[in-house]
1. Any number yet on Rg/Rh for the range 655-733, C-alpha, Kirkwood?
2. Are there any trypsin sites (Lys or Arg not before Pro) in the range 303-412 that are in a DSSP loop and have at most 16 other Cβ atoms within 10 Å? List them by number.
3. Check S180: other-chain or 5+ apart residues with amide H under 5 Å from its amide H, H built from backbone geometry?
4. Starting from the range 414-495, pick out the GluC sites (Glu not before Pro) whose DSSP state is loop and whose Cβ has at most 11 other Cβ atoms within 10 Å.
5. T36: net charge of surrounding residues, Cβ under 9 Å, Lys/Arg +1, Asp/Glu -1, itself excluded?
6. Enumerate the amide H contacts of V73 below 5 Å, restricted to partners 5 or more residues apart or on another chain; note that Pro and chain-start residues carry no placed amide H.
7. Pairs K456/K574; K67/K216; K310/K706; K195/K456: which are spaced more than 29 Å apart, C-alpha to C-alpha?
8. Please say if the range 654-695 is rounded, prolate or oblate, where rounded means a/c under 1.5 for a ≥ b ≥ c the square roots of the C-alpha gyration tensor eigenvalues, and otherwise the choice is prolate for a/b larger than b/c and oblate otherwise?
Amino acid sequence: KMVNCGLVTSKNEPVTLKSIEVNLQAQGHVATVSSTLQYVNEEQGPVEALFVFPMPAEAALCHFSAKIADQEVVAEVQEKEKARELYDDSLSSGEQAFLLEESEESVDVFRLSVGCLPPGQSAAVTFVYVTELSVQADHSLRFCLPVVLNPRYSPPGTKHKLLNSCQNVITPGSAQIPYSLSLTAHLSSPNPIAKVESKCPLKPVEFLNADHTQAKVSLCAGHKFDRDVELFLYYQNTHQPTAIVEAGVPTAQPGSLMGDSVVMLSLYPEFPEAVTSMVSSCGEFVFVMDRSGSMSCEMHNGLNAEERIKSARNTLLLLLKSLPMGCYFNIYGFGSHYESFFPKSVEYSQETMDQVVQRVKQMQADMGGTEILQPLKHIYSQPCIPNHPRQVFIFTDGEVGNTKDVLQLVRSNADSHRCFSFGIGEGASTALITGMAQEGSGHAQFITGADRMQSKVMQSLRYALQPAVTDIAEVWSVPEGMSVTLLSPPVKVLFNGQRALIYAQLKGKVRDFKMLFITALLVGWIALLYQHVTNTLSFSLNPAENTGLTIHRLAARSRIRSLEQEQQAEGDGKEELRARVVELSVQAGVSSSHTAFIAIHKGSGEAVKGPLLKRRLPGFCQCSSHSDSSTESFHSHCQLWVVIEPSDPLLQLISLQEASGCWKMESTLAQVFGKTIEEVTKQMPAEVEPGIWATVLALIWLHGFKMDAHDEWQFLAIKAVSWIRSRKGKFSI
């Protein structure tokens, strides 16, 4: 059954929201996003509308205003409870009010309350946020406008009011969504813009100058709200270290964050060549697989889309085949409960791999809700294996309601593991996926649309198997009379090709900013090589132009998030930290968990006549008929189907590889090559073992026919070559 999201009219009719207009200003590695929502009250009486929508977890909401007729009301940031009281009082007195607040359980969900619109009244609500652009494996920068918010599963006994407002519902089909979306992006960069790509239809890119450092691109009309809007920006020399200095507000108090200059450093530490070629043969690899009902949804809404669980199965098989001999591993599946393949991690061998491969192929999305907290607690309770660093790989569609509890658990165990997280499908929680990787000193990946999960996961495996830079220190050399206060959390770990963004407040007075330079050094330690890595960037203190306080607001958001995390862990100092969060949030005008934006339009002052209708708007909430809330009843009427693996020859070849890295000479391998076993063995030299010949042919086939998927099978090939070399004297290539 299809129902609208939240309370509706007696006739189940959608209300008020007519259009969403988004304007993106991308400058290098950061972006400012402005969204305008057009409302019209078509009811017979006054209405209160509730709109729940997602936002990138790394974003900082910095402006909120409402335009009613020709009058604009700009919201103020106030302490959350005070803002709620003002909102309720305004509704009681007949005034029009607008309240924008962050979820108490997840920083990537917001609720907009539009109160007391008279019949026939229109209103335009605008909110602005700033955000960082994440770096992808192909060196592009990703901007994501979340338009899909999956219902977040809350474990029994928990109360998450904001998230539950979108719980247990199904979005209307695209034909029923009564509003439209338009998006225009203006791009600027110090380096030329090479191209812009998206999984959504775009109009042709329009370059605005001769050197292609400025461009404009728009989303084609008719977006169906079935996927997030992603833009991939390709700049030339993306990895070049940069620094942006932003001047403070002249009217702000000197010495305050908004009164001083702030700098954002974008660094890509240069790794020695020996690092990129090293592959560790030790480690404990724990794979945690979401098997909740929502994992039976398709990866995307296009043709030939795989189920999420099927794509995850194939990826897990590839990971198992890519592990080095001698490491340890275990596999967990979770839903409303969890189970592990082994009581504790076991050594990786042909025997243990054979035991798990068939079980992996039979994994289904049949375990109910999404309770990730308990399996993580069990994993962290297990003693670590000496000389085998623990690496946890978590696959989930990110539909949980207790995100902050999960992140606190990962944070408290950060010293004993690294966490690599993967958000599967549209609407995965950025707060959960990105947060787990940040707290666990790992790396986050989002797999959306027609992305191949395998290539992204293998990039994370490379990070896990290659040495990382740790024990990182930031060293600053500043002119006399100045000092530097870091506003971003310390950089804990860096992988090859990974960017580090650092925010700092520049305090003190100097005579001429334009003539002065600062040098920042990022120094780290690669344990396996007993070698230091240093990355140096010198930059002018001359402030950048036309940044619109973007850097200040992102820096404030970074500092606020750190204070909020300290507050979660602190004992007696919680109230003091809360007060510091509120003070910084109000000063910088950015959102936090303890503040809200409140705007009040002073109307006639007359009391509301008639009952105030409450409406929750459809859209920005999505799940399928197999959502976690209905999964257990759904599967109770279903039989367990036999899993039929696809005929993809690459997956077939992967499944045939032995744990040691070799392939056996058998008919199923010959079928991958499109040959019979007789044709394959006929040309085998007499002095060569069949296993060596089979392995050589597999490597030739991979290099000849699957170079486009090299990132997926490179570790399989490394194992195969190592195995051949270990057979010295048996064959000479």
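The values are calculated or read from the model by the stated rules, or taken from the named source; none is laboratory data. It should be emphasised that the depicted structure is a prediction, and the values quoted were computed from it without experimental measurement. No Cβ is skipped: glycine too gets one built from the backbone with ideal geometry, and neighbour counts run over all protein chains shown. When the accessible area is computed, the model is the full protein with side chains, heavy atoms only, and any ligands, DNA or RNA have been set aside. Shrake-Rupley method; radii C 1.70, N 1.55, O 1.52, S 1.80 Å.
1. 0.94
2. Sparse-neighbourhood loop trypsin sites (Lys or Arg not before Pro): K344.
3. Under 5 Å from the amide H of S180: S19, I20.
4. Taking the range 414-495 and a limit of 11 other Cβ atoms within 10 Å, the loop GluC sites (Glu not before Pro) found are E480.
5. Working: positive: K67; negative: E21.
It works out to a net charge of 0.
6. A66, K67, I68
7. K456/K574
8. Numbers: a/c = 3.00, a/b = 1.16, b/c = 2.59.
Because a/c hits 1.5 or more and a/b fails to exceed b/c, the range 654-695 counts as oblate.
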